[in-house]
Amino acid sequence: MVMQRMPFKYLILIFGVLFASCEKGLQDINVNPNESEVINPEFLLSSVLINTAYDYQKEAYFDEPASAGRYITMVRNEGNDKFDWGPQSWDSYYSKLSSNREMMDLAKKLNVPQYVSVGKILEAFNFAYVTDLFGDIPYSEALLLKNQTLAHPKYDPQQTIYPALLQTLKEANNELATITDKVDATADVMYKGEPLNWRKFANSLRLRMLLRISKNYPTAFTEMQEILNDKSKYPIFESNADNAEIIYQGAVAANSWPGSPQGSSFDEFDKRKPSKEIVDALLQRNDPRLKVWIARVDSLKEWTTDPNPYVGVPNAIPAPYDYNGGKFHISRLSSLFSSTKGDMLKASMLTYAEVCFILAECVQAGKVTVPGKTAESLYYDGIHANMKFYGVDQAAIDAGYFNQASVKYNGTLEQLIGQKWIAGFLKGAEAWFDNRRTGLPKFVLGPMSSTTVLPKRYIYPTGERDTNEEQYQKALTVFGADKQTTLMWYLK
């Protein structure tokens, strides 16, 4: 059952009001003239934005998307690698959506429409992620518990959800182009209140979503072209400065990079090794990002399989902790990923590099045109942008990286998606989603995999069968079996 959850601070406020009613004689002396008695939308915006970015990033490193995207191999608790996933909870996603809707409703009452428009972008991002993971989901009735006491929301088909979200993003862009007031800069920890940046995020997110559904959405490329034809009306990401990402403060566990001892524990960090597939891809290309992301093995002696100083672990193999002779002969992630914060550690939702690869794919396929750009130039723009983020762009140029046969643009989708996959290292679920859509990169499942194909989706939460059984069963008659291998609408 999808329910709205009341934020903890609201509970505090309610209990405070109840206490005050009992202590009527103390009301006058307990009023603080400097403290607002109304929860302002900027506080909710900050919370929703941070939680959205941090949770999305954590899943890209700690959870199923990291294994499905072949970035991480678990050497203990290997269920993710074996695709033995089982039902997945969506409570955290709907909790953020509920708080975001609360912020939007409050903003409407207070007549601060800029918060509604930004809220629309966050709502589209979060709903898109949930339907990308599960397929058909509660959408139109999902957040009506509070206002309409609707506790058993229906599941909407993905083919109606996606167009609605695309329209929501378009509306947000158009609204932010005309609204003169900005959201509070201190509340907006991503863009400091600048509406142009939020518009770029909205339109770049539309590009991602349109490509994702393009197989079964006839106007996908027409809508993409509309965006690309008018950058003043539909601005998109133009550099890394536009990236939709948030820094980690590193002060406490809640605002630290999830792989750091403060953000989790060294035990959690050490059970996650770089996958053999990403390490080998970097080695084969003499890629300078290798040394930024991957640590050298502790010993070059007594290895059993791989003599390289950088050794990734294959996914879904027996006893992965013993691979190549054990822990001294396999790589950890670099010390960057055991830090609490850093310029190269950000909670990332969408990057300029990804947008370059999206456009390169569409131009290469002859579906759209980008003024002043070719598929080749966009392909190189994507690689350069990612390398600049990690401070190795000039080193790559000096080493002749782009002159290698494996890197030099050849017009194939396999090469393009391969570079997009590398650039997306630990930056979201896009590697998994791209593989579902294109079959690329050609990942190796591993001998211990519980399935013969990469999972196509998450299984619905167990709670839905317990508390929303009728709507759950109705959904399956339309969607299909509740299995990891069932294809959602845009993959059919």
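The values are calculated or read from the model by the stated rules, or taken from the named source; none is laboratory data. Fair warning: this is a prediction, and the values are worked out from it, not measured in the lab. So basically every Cβ, Gly included, is an ideal-geometry build from the backbone, and we count neighbours across all protein chains shown.
Just checking, how many residues over the stretch 222-263 are out of contact with any Lys or Arg (no Cβ under 7 Å at 6 or more places or on another chain), more than 16 Å from residue 340 (Cα to Cα) and not small (Gly, Ala, Ser)?
First pass over the stretch 222-263, keeping only residues out of contact with any Lys or Arg (no Cβ under 7 Å at 6 or more places or on another chain): 222-226, 228-234, 238-239, 241, 243-244, 251-255, 259-263.
Adding the requirement that they be more than 16 Å from residue 340 (Cα to Cα) leaves 222-226, 228-234, 238-239, 241, 243-244.
Applying the additional criterion that residues be not small (Gly, Ala, Ser) yields 222-226, 228-231, 233-234, 238, 243.
The number of residues fulfilling the criteria is 13.
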The stretch 433-492 - residue that is of a type in the set (Asp, Glu), in a helix (DSSP H, G or I) and over 22 Å from the mean Cα position of the chain (by Cα) and, of those, surrounded by the most Cβ atoms within 10 Å (Cβ to Cβ)
464
Just to be sure, is residue 172 buried (at least 21 other Cβ atoms within 10 Å of the Cβ) and part of a helix (DSSP H, G or I)?
yes
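Looking at 204, 239 in this structure, which one is at pLDDT 95 or above and touching a strand residue (DSSP E or B) at 6+ places or on another chain (Cβ under 9 Å)?
Details: 239 fails: touching a strand residue (DSSP E or B) at 6+ places or on another chain (Cβ under 9 Å).
The match here is 204.
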Considering every residue within the stretch 112-121, establish whether at least one is at pLDDT 95 or above, in contact with a Gly (Cβ under 9 Å, 6 or more places away or on another chain), crowded, with 21+ Cβ neighbours inside 10 Å and not hydrophobic (A, V, I, L, M, F, W, C).
yes
In the stretch 238-278, which residues are aliphatic (A, V, I, L, M) and buried (at least 19 other Cβ atoms within 10 Å of the Cβ)?
244, 246, 278
Does residue 238 count as in a loop (DSSP other than H, G, I, E, B) and either out of contact with any Leu (no Cβ under 8 Å at 6 or more places or on another chain) or free of Cβ contacts under 8 Å to residues at least 12 places away in the same chain (or both)?
yes
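Could you check the stretch 69-104 and list, in sequence order, the residues that are at positive phi and hydrophobic (A, V, I, L, M, F, W, C)? Give the steps one after another, and end with the answer.
Just the residues of the stretch 69-104 that are at positive phi, to begin with: 70, 77, 83, 86.
Passing the criteria: only 83.
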Restricting attention to the stretch 134-165, which residues are part of a helix (DSSP H, G or I) and buried (at least 21 other Cβ atoms within 10 Å of the Cβ)?
134, 158, 161, 162, 165
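Listed here are the residues, each with its yes/no results for (1) more than 23 Å from the chain's Cα centre (by Cα); (2) outside any loop (DSSP other than H, G, I, E, B).
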position: 246; (1), (2): no, yes
position: 249; (1), (2): no, no
position: 258; (1), (2): no, no
position: 268; (1), (2): no, yes
position: 292; (1), (2): no, yes
position: 299; (1), (2): yes, no
position: 302; (1), (2): yes, no
position: 311; (1), (2): yes, no
position: 317; (1), (2): yes, no
Considering only residues that are without any contact (Cβ under 8 Å) to a residue 40 or more places away in the chain and touching a helix residue (DSSP H, G or I) at 6+ places or on another chain (Cβ under 6 Å), look in the stretch 392-417 and name the one that is surrounded by the most Cβ atoms within 10 Å (Cβ to Cβ).
409
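Kindly indicate which of 128, 185, 177 is in the same structural domain as residue 56 (by TED's automatic domain parsing), surrounded by fewer than 24 Cβ atoms within 10 Å (Cβ to Cβ), touching a residue at least 40 places away in the same chain (Cβ under 8 Å) and more than 18 Å from residue 92 (Cα to Cα).
Numbers: 128 fails: more than 18 Å from residue 92 (Cα to Cα); 185 fails: touching a residue at least 40 places away in the same chain (Cβ under 8 Å).
The match here is 177.
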Please state which one of 129, 139, 217, 162 is hydroxyl-bearing (Ser, Thr, Tyr) and over 20 Å from the mean Cα position of the chain (by Cα).
217
How about the stretch 279-290: which of its residues are assigned to a loop (DSSP other than H, G, I, E, B) and surrounded by 22 or more Cβ atoms within 10 Å (Cβ to Cβ)?
287
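Enumerate the helices (runs of 4 or more DSSP H) found wholly within the stretch 1-77, keeping only those where 2 or more residues are at pLDDT below 50 and among the small types (Gly, Ala, Ser). Outline the logic, then answer.
Numbers: elements: 8-22, 41-62, 64-68.
Of the helices (runs of 4 or more DSSP H) lying wholly inside the stretch 1-77, those with at least 2 residues that are at pLDDT below 50 and among the small types (Gly, Ala, Ser) span 8-22.
Within the stretch 410-461, work out how many residues are charged (D, E, K, R) and under 21 Å from residue 87 (Cβ atoms). Spell out the reasoning first.
Initial filter on the stretch 410-461 (charged (D, E, K, R)): 414, 420, 427, 430, 434, 436-437, 442, 456-457.
Narrowing the set further to residues that are under 21 Å from residue 87 (Cβ atoms) leaves 436, 456-457.
Summing the residues that are charged (D, E, K, R) and under 21 Å from residue 87 (Cβ atoms) in the stretch 410-461 gives 3.
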Counted residues in the stretch 68-98 being out of contact with any strand residue (DSSP E or B) (no Cβ under 6 Å at 6 or more places or on another chain) and free of Cβ contacts under 8 Å to residues at least 24 places away in the same chain come to 1
